[in-house]
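Before any comments, here is the structure.
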Amino acid sequence: MVSADTRPRRRADAERSITRIVSAARECLSRDPDATMEDIAKAAGVGRMTVYGHFRTRPGLVEAALAEALRAGELTLGSVDLTGDARQAMNRLLASSWSLVAESAALLSAAQRVLPEGRLRELHTGAADRVEQLIGRGQGDGVFRTDMPVTWLVNAVQYILHGAAEEIRLGRLDPAEASDVVTATVQSILAAPAHTGS
């Protein structure tokens, strides 16, 4: 018979094992979106059956790794100063967002291959909400365009960030220039149209 005090210890051991596996998955998939369960098990220092004991499928583990990366990203983005002029605040948010996207481009690529688009959007809800609120404030201040739906503009920002990561992966964009290119592109899209007198 299993005593009551051994069950919590087993649960704690399982939690540590899961944490180690997810961390290894995040690291492996950030290097190689095709990393296998075996690769991840080796990096975590556990057996393949241990990985499958916690994550029955590779998509489930990929999702857990992406969710962990996004949680860590939220801590970074949550500390970005979004006060003051909405355009300058957007520049600061884009700089932090871009560094996170660049770090996890391969992981995102792995997730895009195995997770439904709807699930990917759900996982990115926190980041999308922050961009939406900032765009809404900029629209209220008259510095961001109001002739397009906010949700469309938010999606455009996300497409640009992810598109830049893909362009770097394909060797068509210099990583050193990417942050400036992303910022200039987003700002040009969000800018309120100039009104000229007749």
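Read-outs throughout are calculated quantities, based only on the coordinates presented, and are distinct from any laboratory measurement. Quick caveat: nothing in here was measured; it's all calculated off a predicted structure. Counting neighbours? That spans all protein chains shown, and the Cβs are built from the backbone with ideal geometry, glycine included.
Relative to the longest principal axis of the Cα atoms of the chain, the long axis of helix 58-77 makes an angle of roughly 50 degrees. Ranking His54, Ala105, Thr125 by Cα position along the charge dipole of the chain, where only Lys, Arg, Asp and Glu carry charges on their C-beta atoms, puts His54 farthest toward the positive end.
Charge dipole of the chain (Cα centre as origin; +1 on each Lys and Arg Cβ, -1 on each Asp and Glu Cβ, all else neutral): 820 debye, rounded to the nearest 20.
Between Glu177, Glu167, Glu68, the residue with the greatest mean-square fluctuation in the GNM of the chain (Cα pairs under 10 Å linked by springs) is Glu177. When both the stretch 142-195 and the stretch 55-122 are represented by their alpha-carbon centers, they are found 16 Å apart. Counting only alpha carbon atoms, the long axis of helix 125-141 and the longest principal axis of the chain meet at about 10°. With R₀ fixed at 25 Å, the C-beta to C-beta distance from Ser96 to Glu68 puts the FRET efficiency at about 0.90.
Modelled spin labels at Thr151 and His54, positioned 7 Å past Cα toward Cβ, are 3.6 nm from each other.
Using only Cα coordinates, the Kirkwood hydrodynamic radius of the stretch 77-120 works out to 12.0 Å. Computed log10 I(q)/I(0) for the stretch 1-128 at 0.11, 0.14, 0.17 Å⁻¹: -0.47, -0.69, -0.89, from the Debye equation with unit scatterers placed on every C-alpha and solvent omitted.
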